[in-house]
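The values are calculated or read from the model by the stated rules, or taken from the named source; none is laboratory data. Values in this document were obtained by computation on a predicted structure and should not be read as measured data. In this analysis, Cβ positions are derived from the backbone assuming ideal geometry, glycine residues included, and neighbour counts consider all displayed protein chains.
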Amino acid sequence: MRSLKALAPARIKWAIELLELETKHNVFEIGCGSGVAAQHICAKLGRGAYCGIDQSAAAAKAALERNGAYARGGRAVFVNEKFEAERHEGAVFDRVLAVNVNLLWTDDGEAARGVRRIMHAKSRFVQVYQPPAPEQRAKIARALKRRMSPHFARITSAMRTIGGAPLLAIVAEGNPHETRP
């Protein structure tokens, strides 16, 4: 298999790094596209599994074709659907990934609530965006933090420019309703 550097754009490489994957993790990707991230995530999983969704039938089909061996082995599933948390079992995913999924910062917070629903208490949600202009990153970060704060205990953001691409990452963890000892 080619290296991650050779196949994945900077935003996907950074997103995978931020996931802090372990071989046991179950990963859910919103907007899996053609399966580039899935290919590298599945290669890192041992006992864990991957589920990728995309509302584009062509993208979901391309992801399945790219990752057919993982799907045939029962380690990956690709579904053509819009993200609706109610369609997925609650509290089963260790990691949730979304790269350039605008719904998460343009809706009223319903998508963030849905993401929280499918994650268990010690999960991590990573979002990475590559907006057209660097100055858009701060606006997107503010909108995401506002929508996500009712559903996550810790939300951090970081900005990078890699190869001329302005990137924004949001990492959310923890249930805000947990009681800490």
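Take Lys139 and tell me if it is surrounded by 14 or more Cβ atoms within 10 Å (Cβ to Cβ), of a type in the set (Lys, Arg) and farther than 21 Å from Asn26 by Cβ. Talk me through it step by step, then tell me what you get.
Numbers: surrounded by 14 or more Cβ atoms within 10 Å (Cβ to Cβ): no; of a type in the set (Lys, Arg): yes; farther than 21 Å from Asn26 by Cβ: yes.
No; evaluated as a whole, the condition is false for this residue.
Taking Ser157 as the residue in question, decide whether it is touching a helix residue (DSSP H, G or I) at 6+ places or on another chain (Cβ under 8 Å), of a type in the set (Ser, Thr, Tyr), over 26 Å from Ala49 (Cα atoms) and surrounded by 14 or more Cβ atoms within 10 Å (Cβ to Cβ). For Ser157, the condition - touching a helix residue (DSSP H, G or I) at 6+ places or on another chain (Cβ under 8 Å), of a type in the set (Ser, Thr, Tyr), over 26 Å from Ala49 (Cα atoms) and surrounded by 14 or more Cβ atoms within 10 Å (Cβ to Cβ) - is met.
Residues in the range 64-94 that are among the basic types (Lys, Arg), surrounded by 13 or more Cβ atoms within 10 Å (Cβ to Cβ) and over 18 Å from Leu19 (Cβ atoms): Arg66 only.
Residue-by-condition table, conditions (1) over 15 Å from the mean Cα position of the chain (by Cα); (2) closer than 24 Å to Ile170 by Cβ; (3) modelled with pLDDT of 95 or more:
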site	(1), (2), (3)
Lys5	yes, yes, no
Arg11	no, yes, no
Gly46	yes, no, no
Glu65	yes, no, yes
Arg75	yes, no, yes
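Of the residues screened, Lys24 is not one that is of a type in the set (D, E, K, R), surrounded by fewer than 21 Cβ atoms within 10 Å (Cβ to Cβ), outside any loop (DSSP other than H, G, I, E, B) and over 14 Å from the mean Cα position of the chain (by Cα). Applying the selection to the range 41-78, what residues are closer than 13 Å to Ile30 by Cβ and of a type in the set (S, T, N, Q)? Within the range 41-78, Gln55, Ser56 qualify.
For the range 103-114, the set of residues classified as more than 10 Å from Phe152 (Cα to Cα) and either in contact with a helix residue (DSSP H, G or I) (Cβ under 7 Å, 6 or more places away or on another chain) or free of Cβ contacts under 8 Å to residues at least 24 places away in the same chain (or both) consists of Leu103, Leu104, Trp105, Gly109, Glu110, Ala111, Gly114, listed by residue number. Number of residues in the range 115-136 that are surrounded by 21 or more Cβ atoms within 10 Å (Cβ to Cβ) and either more than 16 Å from the chain's Cα centre (by Cα) or assigned to a helix (DSSP H, G or I) (or both): the value is 3. Number of residues in the range 49-63 that are farther than 18 Å from Val115 by Cβ and either crowded, with 19+ Cβ neighbours inside 10 Å or in contact (Cβ under 8 Å) with a residue 60 or more places away in the chain (or both) equals 3.
Figure legend. Inter-residue proximity from the range 128-147: first residues more than 13 Å from Ala158 (Cβ to Cβ), second residues in a helix (DSSP H, G or I) and of a type in the set (A, V, I, L, M), beta-carbon distance below 7 Å, spacing 6+ or different chains. Indicated pairs: Pro131/Ile140; Arg147/Ala112. Inspect all residues belonging to the range 74-96 and state whether any of them is in contact with a strand residue (DSSP E or B) (Cβ under 9 Å, 6 or more places away or on another chain), assigned to a helix (DSSP H, G or I) and in contact (Cβ under 8 Å) with a residue 24 or more places away in the chain. No.
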